[in-house]
Structures are given as structure tokens and as C-alpha cells.
Amino acid sequence: MSDSWWMQQLGRVVMLAPAVQLGVVGAAMLAGRPLGEKRTARLAQASVSVGLLAAIGVLGLMLLSGARHVEIEFGHWVEVSKSHFGEPFHFHLKFVFDRLSVPLVILSYVLVGVIGAFATRYLHRERGFARFFLLYSVFLAGMVVAVMAGTVETLFLGWELVGLSSALLVAFFHERPAPVENGQRVWAVYRVADAAFLVAAVALHHATGAGDFAAMTGSEPWPHGQALLSSQAALGIGVLLLAAAAGKSALVPFSGWLPRAMEGPTPSSAVFYGALSVHLGTFLLLRFSPVLELSLALRVLVIGLGLATAVYGAVVSRVQPDVKTALAFASLTQVGLITAEIGCGLRYVPLVHMIGHACFRTLQLLRTPSLLQDHSTLENAIGRRLGELAAPSRVRLPLGARRRLYRWALERGRLDAMLDRFVVTPFLELFRWCHRRERQWTNWLAGGPPRCEADPCDAEDLESDAA
């Protein structure tokens, strides 16, 4: 048995380990007999351990054999010989081990395993213990599928699984209205990012004739691939990819959902929004970096958006009243810098930056629950309040400018209000107008009185029609 055979088998174990965990936990909950806490914890530990060891094994074999690109084929799951648009379509399930995916899949297994061990104790005897580990399993499967994807369809599948589990975890405490509203907000922003990614994927598929990354970004192993697109096509597709990355990684102007995501349990905040999920957008830009290289305007746009996000996060994080929100905006600063590094044409520097930042932020967010307790204990021990740390330097601004900047930062730049006014409200007005026109048309066809007269919930629409 050759090294290639072993890499193929271990690669399949890497992909199947989270799927088995998700299948067992999901089947038990569907049957109405969720696993107990001990069995759930052991299953999570076994799944993560097996997947992590298999990924390390693939890495070792790649280093020994000198292989830089290993493909794991699961075949075509959906295949249409001729679609409605006259072109064949297939859902090609393929995974790739290369210099980008291997470090990130190992990072995902390590951090998710740490969070699983932490959550086992943190959520002990909580009512939502089984539900949390079901979403935890969906998230792990989504992350592994996304970072190992070898085709754009597979990447979109993992992208959606991560988005679904993240939004549901934000609304984990559904007994209170605030987490549910925040979960809906996160889901709405993710929908915008998903739509941009889907349109970009269709455009890439149409331009290259295949969904394989080898056809889209060149056959050379990452990061030496060269995309065969014109600069205009690269600019259009790159802008869509950048919009998708901005929504997923909370870049400006979509930054408002990240502090809202802290409504979820601390373990989910640590691994999903502070460590892994928030980096999925930058991973997308790294994966499609050969497309970015074709357009100077696109690279300038990526750098500008990254720097704007970094400055925004650095300013806003300094005035937040609670630790988790301050850490969320601090994460945003680093994600913005990583985005700017990608725009500058760097490849390994942002990859190392992502790994280091994810590990550091996970440690900080896991330490948050006991930080205030330790602070209070220390003050009681010394018998006085701890003073503020001396600021090494302060920006010298006039008093009025400092006050305006402070208020702007405290209101988080009013980004949510801007999105509501310029994006959400026009969409709602458009759909309400379509709803009124459809209702008039159906009433005319039925020949009866307007249906809205008997529907008190449409009073607002009646007033709009009368106007």
C-alpha cells in the first residue's frame, strides 16, 4: 500500500468523522431519545480526536512524500446532462488537502475539541445541552467541508452549514426576545452574503465551465494558481466574493451582527464568532486569491475595506461597556488587518495571522466568564479598587471632536441604522408594493370584495392603498 493510498483513506476519515457525529446526535434527537451528557461528550471527543489524528496523518504523509495537493473524490451527487440554460450541471463532491486547507482543518479540530470539552462542563445540566451539541456537530461538519472543499459547490454547502448553525446558536436562549431578534439579524446578513457568493459561484461556473477550483484558479497548488479570466470578469466576480466575505466576516458595513452574536452561550461565542466562523470570509478570499491578482482595482478595494474595518473595530472596541462586546470588535480589527494583507498580495502571512488570532481569541473568550470574579477577588485581597492602566499615548484632539468621536464609537458607527434605512427599508417597501399589486390582481380575478377588509393585519396596507 503506497503513501497515496494511505492519504486517500485518512482523508476520507477526516471528512467522515464529523458526519458520523452529526448523524448519531441528530438521529437520537429525531427519535426523541437524545443522548445523555456523558455519551454526547464521549462521542464529541472521539469524533474530534479521530478526525484530528487523521488530518495530522495526512499532513505527515504529505511532508514525507513531497505531495502538495491531494484530492479526495466522493463523486457526482447530482448530475444533469443538460440544464434549462443548455449547459450540463453537476454537484461534484470533492475535497482537497493543500497548504491552505490542511492547517485550517487541523485548527478547526483543535479549537472545536477544546470548546467541546469546555462546553461539557459549562453547560452541565442545562436544558439545551443536547441542542447545543447538535448545532456544535453541524458547525464542525460545515467548517470541515468548507475548508477542505475542492469545488465551489462543496464550499457553498459548508458555508451554508456554518451559517445555519451560527444563526441558531445566536438564538440559543430563545425564551428571551433579544437573542431571537439578534439571531434573525445575523441570519438576514448571512442571506445577503450567501446571495453574493451564489451569484459569484454561478458566474465562475459559467466563465470556466466547471466548479472545480483547478479550473477556476489554475491547476497549480495553492498559492501558485493562475486564474484564466479577464480583468473585467475578475473585477465583477471579485466584488461579489468580497461582498460575501464582508457579510460572513462582519466587515464594514456588516459589522453590526458580530456583537449581536455574543447573545449565544460563551462556548459558541468563543469558537464560532471569535475564532473560526468570523474567519471564513477571509478564507474565501485566500482560496480565490488568484482571481484577486487579476485586477488592481479589486485589490485596492479589498485593502480599503480591510483597513476601514480595522480602524472601525479599533475605535469602537475602546468604548464598549462589556468585555465580550469589546472582544468582538477587537476581533474585527484583526480580521480587517488580515483582509488588508490578502489585498496586498500576501498569502502565508494572513494564513499565519488567522491561525494565531483564532487561538488567542478563543483563550480570551473562554477566560471571560471568570475574569470579573478574579478581578473582584483581587480587589478584596488588596483592600482597594484597582486603578486604570496608564494609557501610553492618547490622540490629541479638541474636546468637541473627542466627544463626537466617543459618541460615534458608542453608537457603533450607526451602521445598523444605515443598513436599515438604505437597504432593509427599500426592500420592505418593494415587497409590500408587490404584495398590494398581487392582492389587487387576485381580488379582481375572484370578483369579490377586497380580502384585506376582512384581514385586520392588513390595515397598514389598506392605508397605503388609500393614500
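Matching residues to (1) closer than 21 Å to MET29 by Cβ; (2) among the small types (Gly, Ala, Ser); (3) touching a residue at least 60 places away in the same chain (Cβ under 8 Å):
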residue	(1), (2), (3)
HIS124	yes, no, yes
PHE133	yes, no, yes
GLU181	no, no, no
GLY211	no, yes, yes
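Among the residues making up region 92-128, those that are within 21 Å of the chain's Cα centre (by Cα) and among the polar types (S, T, N, Q) are SER101, SER108.
Could you list all residues from region 339-365 that are outside any helix (DSSP H, G or I) and hydrophobic (A, V, I, L, M, F, W, C)?
Of the residues in region 339-365, the ones outside any helix (DSSP H, G or I) are 344-347.
Hits for region 339-365 are CYS344, LEU346.
In region 112-128, the qualifying residues are those that are in a helix (DSSP H, G or I) and open to solvent by less than 10 Å² (accessible area, probe 1.4 Å), and the one that is nearest to ARG68 (Cα to Cα) is VAL112. Within region 278-335, the residues that satisfy the criterion of being of a type in the set (Lys, Arg) and crowded, with 17+ Cβ neighbours inside 10 Å are ARG287, ARG299, LYS324. Per the listing GLU73, GLU79, the residue uniquely more than 21 Å from LEU168 (Cα to Cα), at pLDDT 85 or above and among the acidic types (Asp, Glu) is GLU73.
Does at least one position in region 310-322 carry a residue that is without any contact (Cβ under 8 Å) to a residue 24 or more places away in the chain and part of a loop (DSSP other than H, G, I, E, B)? Yes, because at least one residue in region 310-322 is without any contact (Cβ under 8 Å) to a residue 24 or more places away in the chain and part of a loop (DSSP other than H, G, I, E, B). Do we find that PRO369 is part of a helix (DSSP H, G or I) and modelled with pLDDT under 85 in this structure? Against the criterion (part of a helix (DSSP H, G or I) and modelled with pLDDT under 85), PRO369 qualifies.
Looking at region 120-151, which of its residues are of a type in the set (A, V, I, L, M, F, W, C) and at pLDDT below 90? Hit for region 120-151 is LEU123, nothing else.
Scanning region 336-354 for residues that are free of Cβ contacts under 8 Å to residues at least 60 places away in the same chain, open to solvent by 20 Å² or more (accessible area, probe 1.4 Å) and out of contact with any Pro (no Cβ under 6 Å at 6 or more places or on another chain) gives LEU337, CYS344, GLY345, LEU346, VAL349, VAL352, HIS353.
Residue pairs whose Cβ atoms lie under 9 Å apart, sitting 6 or more positions apart in sequence or on different chains, and linking a residue in region 425-443 that is within 23 Å of ALA188 (Cβ to Cβ) to a partner that is open to solvent by 60 Å² or more (accessible area, probe 1.4 Å) and part of a helix (DSSP H, G or I), are ARG432/GLU460.
In the set (1) buried (at least 19 other Cβ atoms within 10 Å of the Cβ); (2) hydroxyl-bearing (Ser, Thr, Tyr); (3) at pLDDT below 85, SER219 fails one condition alone, (1). Of all the listed residues (ARG361, ARG402), the sole one being surrounded by 11 or more Cβ atoms within 10 Å (Cβ to Cβ) and touching a Gly at 6+ places or on another chain (Cβ under 8 Å) is ARG361.
When you look at THR339, is it in contact with a helix residue (DSSP H, G or I) (Cβ under 8 Å, 6 or more places away or on another chain) and closer than 20 Å to ARG414 by Cβ, yes or no? When the stated conditions are applied, THR339 does not pass them. Within the set ALA244, ALA167, ALA207, ALA227, the sole residue that is surrounded by 21 or more Cβ atoms within 10 Å (Cβ to Cβ), part of a helix (DSSP H, G or I), touching a Leu at 6+ places or on another chain (Cβ under 7 Å) and hydrophobic (A, V, I, L, M, F, W, C) turns out to be ALA244. When GLU175 is tested against the conditions (1) free of Cβ contacts under 8 Å to residues at least 24 places away in the same chain; (2) assigned to a helix (DSSP H, G or I), the lone failure is (2). Taking region 13-54 as the range and being over 18 Å from VAL138 (Cα atoms) and either open to solvent by 70 Å² or more (accessible area, probe 1.4 Å) or of a type in the set (Lys, Arg) (or both) as the test, the residues that pass are ARG33, LYS38, LEU53.
The values are calculated or read from the model by the stated rules, or taken from the named source; none is laboratory data. These figures come from a predicted structure and were not determined experimentally. Reconstructed Cβ throughout: ideal geometry from the backbone, glycine too, with neighbour counts over all protein chains shown. Just so you know, the surface numbers come from the protein's heavy atoms only, side chains and all, with ligands and any DNA or RNA stripped out. Shrake-Rupley method; radii C 1.70, N 1.55, O 1.52, S 1.80 Å.
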